[in-house]
Amino acid sequence: MNKTLCIIPARGGSKRIPRKNVLPLNGIPLIAYTIRSAKHSGVFDKIVVSTEDDEIAQVAISEGVEVDARPMEMAGDKVTKVQVVKEYLERTNAENEFDNIAALLPTCPFRTAEDVQSAANVFFENKENEFLIGVVEYEFPIQLALKKRDGKVVEMENTDGYLTTRSQNIEKKYHPNGAIYLASIKAFKRRGTFFNEKMLYYEMPQLRSFDIDYPYQFQIAEIIAKQISEQE
């Protein structure tokens, strides 16, 4: 048995962008982009949208995936994706049926089915590591980060970074992009997270890593979505 379960966590409340997960992006509910990339990848044996919201549930059902009505205590704005996945695994005893667990965030609409498939291939072909995350390069060197102090003063967080101020010469750094998190269920339960000291990675370009968290980002995403649809 080598079966993989995919959880798409999507709550109804959103402070920065009300009703974000079901807002139409180029005429399609935001969450539908993630559902479709998961389905068309052919990677997952089961795809579940975890939500407390009826409208999100209806979108998921119309897209042909299952819905898990998460407990209301798991619907607060401080509940993390890891907590949602952990609670689902414990409540459903999913490890009796599945070997691996994935989480795809609905705020990353431009990941493709090919991205999900390629990331999964890296994971399945490297059994010695039980964790994989999607990553993207920092657009601005994190080594040049500044900290605000009292008054009008900022200070260098990493003085070594300023020894080479030409950004092209600074070592590249990466961060998770929310496109895909993947782990064996045993490893996830052991660590209590999708992160490990060392993890496999699948690097994605900035455009397909675009993450929507603020209203201005939704406006930019609308332009991108229209351009993509015109090119298809």
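The values are calculated or read from the model by the stated rules, or taken from the named source; none is laboratory data. Being a predicted model, the structure only gives us computed values, none of them experimental. Methodologically, a virtual Cβ is constructed for each residue, glycine included, from the backbone with ideal geometry; neighbour enumeration extends over all protein chains shown. Please note that ligands, DNA and RNA were not included when accessible areas were found on the heavy atoms of the full protein model with its side chains. Shrake-Rupley method; radii C 1.70, N 1.55, O 1.52, S 1.80 Å.
With equal scatterers on the alpha carbons only and no solvent term, can you work out the Debye log10 of I(q)/I(0) for the chain at 0.18 1/Å?
-1.37
Ignoring ligands, DNA and RNA, what accessible area per residue does the chain give at 1.4 Å, in Å²?
55 Å²
DSSP loop GluC sites (Glu not before Pro) in the stretch 69-126 with at most 13 other Cβ atoms within 10 Å of their Cβ, which ones? Don't skip to the answer; put the middle values down first.
Working: sites: 73, 87, 90, 95, 97, 114, 125; in loops: 97.
Taking the stretch 69-126 and a limit of 13 other Cβ atoms within 10 Å, the loop GluC sites (Glu not before Pro) found are 97.
Convex hull over the Cα atoms of the stretch 33-128, averaged projected area in nm²? Walk me through the numbers before you get to the answer.
On the way: hull surface 26.9 nm².
Taking a quarter of the hull surface, the average projection is 6.7 nm².
In terms of the Cα gyration tensor, with a ≥ b ≥ c the square roots of its eigenvalues, is the stretch 98-164 rounded because a/c is under 1.5, prolate because a/b exceeds b/c, or oblate?
It is prolate, given that a/c is not under 1.5 and a/b is the larger ratio.
Run the simple label-point estimate for residue 223 and residue 127 please: 7 Å along Cα→C-beta, distance reported in nm.
The modelled label-to-label distance comes out at 4.8 nm.
Filter the GluC sites (Glu not before Pro) in the stretch 127-216 down to the DSSP loop ones having no more than 14 other Cβ atoms within 10 Å, then list what survives.
Passing both the DSSP loop test and the Cβ count: 128, 139, 157, 171, 197.
Considering only protein heavy atoms and a 1.4 Å probe, what is the carbon-and-sulfur percentage of the accessible area of the stretch 1-154?
48 percent
Identify the trypsin sites (Lys or Arg not before Pro) of the stretch 121-200 meeting these criteria: DSSP loop state and at most 14 other C-beta atoms within 10 Å of the C-beta.
127, 149, 152, 166, 172, 173, 198
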